[in-house]
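What follows is a single structure, written as structure tokens, with notes after it.
Readers should treat all values here as calculations from the given coordinates under stated rules, not as data from a laboratory. Since this is a predicted model, take the numbers as computed values, not measurements. Please note: Cβ atoms are built from the backbone with ideal geometry, for glycine as well, and neighbour counts cover all protein chains shown.
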Amino acid sequence: MDNLGRRLVKAVLAEEELAGLKRHMLSRDDLQEEARTALDFVADFVAAHSTYPSVAIVEENIKASLPEETDPFNYIADKVRKRSLANALEKTLEQTIRSIDARDPDAALDNIIESAVELKSRTIGGQVESYETSGESRVESYLAAKAVGGVVGMPTMWPTINHNIQGWVDGCLHVIAGMTGVGKSWVSCLAADHAANVLGKRVLLVTMEMNAARIARRIDAIRYKIPFGTLRDAEMDMLTEARWKDEVLKVREETTSDILIADKKIVRTVHDVSALVYEHHPELVIIDGGYRLEAPGSSNNWDKTVKVVGGLQLAGEMTNIPWVVTTQFGDSNETGAAKKDDNHVRGWNVRYGKEWTIDPDVLLGLYQDDDLRLVKRMELHTLKMRDADTIKPKCYINWDMDAMNFEECEGDDTPSAAHDDGMIRF
């Protein structure tokens, strides 16, 4: 007999809290035997009569009694939630033990990680929001955004992008797409270094494209303004080498800011990334090469893409920090030829599935052709923002690998209203 479930049904009747079950992440599946039957009856009765039945009516229809005493709803609902969570954890551990017994520790570890992240969501309750009573919070949110020029998220290093997307926003999935070799890995490093070195944030940078040491070397080049070729080929002059060694080897003051680099040796799935987030508590997640993430159990590439992109979006919402992920654009011939004069990247297809353009909250497109390479510039287009009501202006970036300058700059079509300091204002 499900005594805990019967106590929950009695509390639902007493406080008329059917909607509260959703807040505690509960459903009929969390109850057993006559308790589930009782809850089904209550839900059907409310739907039919727009009022709650009495305890006597419920007992008469389910042919079982409910407890005489009534528990506070929130208390007993949390008890039921924890029971369900414990049962799910027990099943996870049983499956993990079976994998270990089968001498398959990799499968056991994957099972623990995937199940732990999924079950973690059950500890995060949700509830509907009243429009009439939430006015104060909306005003506070507006005034907070107004005080910082509309940037409600973590600022990027490019003012136009901050204006377009309001920074890297908590709980949102931001995707940066571009052709092969255009510079997506460099943008990942730039975003990570700006967040850590300029804003003092703790960043998790996941690289699915190259190993952690190569990424760290790129960040060295960015942070200390060292031409990347000379650092990569060990051809720095004596003064530059001495300056670089002094910087990277000096004793650091204790701080929370850092760039934690994880490569594909330890990350294969979205769940792997989420596990690192719960372990290291970063304030920003950046994944270079998100299309390389795996989705165990996928039947085909499209199914894999759906699971990966959906998992990334859910992970952003659950962790409530910004997630920035790069993926690839491509046309049918993989030439990268521009298809539209106005907005080059809109003409391209997205490799590995259109979910990369449909699901994200923000989609940015990275573009460079021979003419832009000649003048050492890059274009960064805002292709999608869920709350946008107009087409957002493109952003021009210096792309100077000798001076390691990647600041925003003016382009040939930059409005003449731009001020002399190179900052484009709106």
Among the lysines, which have Cα under 26 Å from the Cα of LYS245 when same-chain residues fewer than 8 positions away are ignored?
-> LYS201, LYS225
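Please list the equivalent ellipsoid semi-axes of region 3-123, computed as the square roots of five times the alpha-carbon gyration tensor eigenvalues, in descending order and whole angstrom.
Listed largest to smallest, the semi-axes of region 3-123 are 35, 14, 12 Å.
Pull out the extension gain between LEU18 and ARG252, defined as 0.36 nm times the separation in residues minus the alpha carbon to alpha carbon distance; nm, one decimal. Don't skip to the end; give the middle numbers.
Values: separation 234, 0.36 × 234 = 84.24 nm, distance 5.45 nm.
Residue separation times 0.36 nm, minus the Cα-Cα distance, leaves 78.8 nm.
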On full extension of the chain, what length is gained from ASN197 through LEU93, given 0.36 nm per residue of separation minus the C-alpha to C-alpha distance?
-> 33.3 nm
Can you give the extra length, in nm with one decimal, that the chain gains between PHE228 and ALA64 once fully stretched, where that is 0.36 nm per residue apart less the Cα-Cα distance?
-> 51.5 nm
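Quick check of the Kirkwood formula: for the chain, what is the inverse mean of 1/r over all pairs of different Cα atoms, in Å?
Values: mean 1/r = 0.0399 Å⁻¹.
25.0 Å is the Kirkwood radius here.
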Taking Cα atoms, how many degrees apart are the long axis of helix 184-193 and the longest axis of the chain, rounded to 10 and kept between 0 and 90?
-> 80
Convert each backbone phi in region 135-147 into a coupling constant with the Karplus relation 6.51 cos²θ - 1.76 cosθ + 1.60 (shift: θ = phi - 60°), then list the ³J(HN,Hα) values in order as whole Hz, x for Gly and Pro.
-> x, 4, 5, 5, 5, 4, 5, 5, 5, 5, 5, 4, 5
So what's the projected area for region 129-283, the Cα convex hull averaged over all directions, in nm²?
-> 12.6
Reachable lysines, given that their alpha-carbon falls under 29 Å from the alpha-carbon of LYS304 and they are not under 8 places away in the same chain = LYS91, LYS120, LYS184, LYS264, LYS265, LYS339, LYS354, LYS384
Using θ = phi - 60° and the Karplus form 6.51 cos²θ - 1.76 cosθ + 1.60, what ³J(HN,Hα) does each residue of region 293-307 get, whole Hz, x for Gly and Pro?
-> 5, 9, 9, x, x, 5, 8, 7, 5, 5, 4, 4, 4, 4, 5
What's the local net charge at VAL169, with K and R +1, D and E -1, over the other residues with C-beta under 12 Å away?
-> -3
Which whole-number percent is the relative contact order of the chain (Cα, under 8 Å, 6+ apart)?
-> 16
Expressed as a rounded percentage, what relative contact order does region 3-123 have, with Cα pairs under 8 Å and six or more residues apart?
-> 30
How many nm is it between the label spots at MET238 and ASP101, if each spot is 7 Å from the Cα in line with the beta carbon?
-> 6.9
One finds the C-alpha centres of region 132-211 and region 370-385 to be spaced, in Å, by 19
Any chance you could give the angle, 0 to 90 degrees and rounded to 10, that helix 238-249 forms with the longest Cα principal axis of the chain?
-> 20
Charge dipole of region 150-409 built from unit charges on the beta carbon (Lys, Arg +1; Asp, Glu -1), centred at mean Cα; most positive-end Cα among MET378, TYR224, VAL182 is VAL182
